[in-house]
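The values are calculated or read from the model by the stated rules, or taken from the named source; none is laboratory data. Because the structure is a prediction, the values reported are computed rather than measured. We place every Cβ from the backbone using ideal geometry, glycine too, and count neighbours over all the protein chains shown.
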């Protein structure tokens, strides 16, 4: 009898550009949908046989899953699905909030006209996406907004650390669940943040606190979503 997870994978087509990402996305979806249980081992040999591929793309997919916090690779033992707990989400957002707040504080006095103009364009795109009820576009613009002030901090160490703090794979689905009302609310929050970055009379610590509060707010909404959807 074919294992449940192989049946699940068989029902999904490989649609992305690279083999590694195709396998990664299918496995990530299977983990999020609880086809794989927390603590379950991903058997490399079975997956190789199923996908009819060499060891390399499977292992690369495993590494991508590990970066997203979905699996744990234990030397000489194998790759195991991580059980996501609320404390993991809380810790991730708490750390990101403090670091992004620091980045915002450092960026506030260093931002150029070009940086601020880019933020304004991003907010315009957010409003357009919200009006069209397109959460997938909002997701990308949110990412770009944060990227602007993080890079503008010109703190290479801080930038690198933030780049490697994983956001759970379920975050993408969470954003796609946003209703039109939610999208409008998110856009308003980013408009307030933008106003602070544009106004040179704010105290940099106030900017820092606003970004921290915003990231923690996002984390709380995400946790509520995971609980309500039975993902945790």
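Show the residue pairs meeting these rules: Cβ distance below 8 Å; 6+ apart or different chains; first residue within segment 117-132 and closer than 9 Å to residue 187 by Cα; second residue modelled with pLDDT under 90 and assigned to a helix (DSSP H, G or I).
126/138; 126/186; 130/138; 130/180; 130/183; 130/184; 130/186
Which is part of a helix (DSSP H, G or I), at pLDDT 95 or above and surrounded by fewer than 14 Cβ atoms within 10 Å (Cβ to Cβ), of 146, 124?
Details: 146 fails: surrounded by fewer than 14 Cβ atoms within 10 Å (Cβ to Cβ).
On inspection, the qualifying residue turns out to be 124.
Whether any residue in segment 92-106 is in a helix (DSSP H, G or I), within 18 Å of residue 31 (Cα to Cα) and touching a helix residue (DSSP H, G or I) at 6+ places or on another chain (Cβ under 6 Å) is what I want to check. First the steps, then the outcome.
Our first condition is that a residue be in a helix (DSSP H, G or I); within segment 92-106, this holds for 92-106.
If we keep only those that are within 18 Å of residue 31 (Cα to Cα) too, we end up with none.
No, because not a single residue in segment 92-106 is in a helix (DSSP H, G or I), within 18 Å of residue 31 (Cα to Cα) and touching a helix residue (DSSP H, G or I) at 6+ places or on another chain (Cβ under 6 Å).
Of the residues 117, 130, 152, which single one is surrounded by fewer than 17 Cβ atoms within 10 Å (Cβ to Cβ) and assigned by TED's automatic domain parsing to the domain that holds residue 213? Let's see the steps before the verdict.
Working: 130 fails: surrounded by fewer than 17 Cβ atoms within 10 Å (Cβ to Cβ); 152 fails: surrounded by fewer than 17 Cβ atoms within 10 Å (Cβ to Cβ).
That would be 117, the only listed residue that is surrounded by fewer than 17 Cβ atoms within 10 Å (Cβ to Cβ) and assigned by TED's automatic domain parsing to the domain that holds residue 213.
Test residue 88 against the criterion of being more than 22 Å from the chain's Cα centre (by Cα) and in contact (Cβ under 8 Å) with a residue 12 or more places away in the chain, and give yes or no. If you could, list the steps in order and put the result at the bottom.
On the way: more than 22 Å from the chain's Cα centre (by Cα): no; in contact (Cβ under 8 Å) with a residue 12 or more places away in the chain: yes.
Against the criterion (more than 22 Å from the chain's Cα centre (by Cα) and in contact (Cβ under 8 Å) with a residue 12 or more places away in the chain), residue 88 does not qualify.
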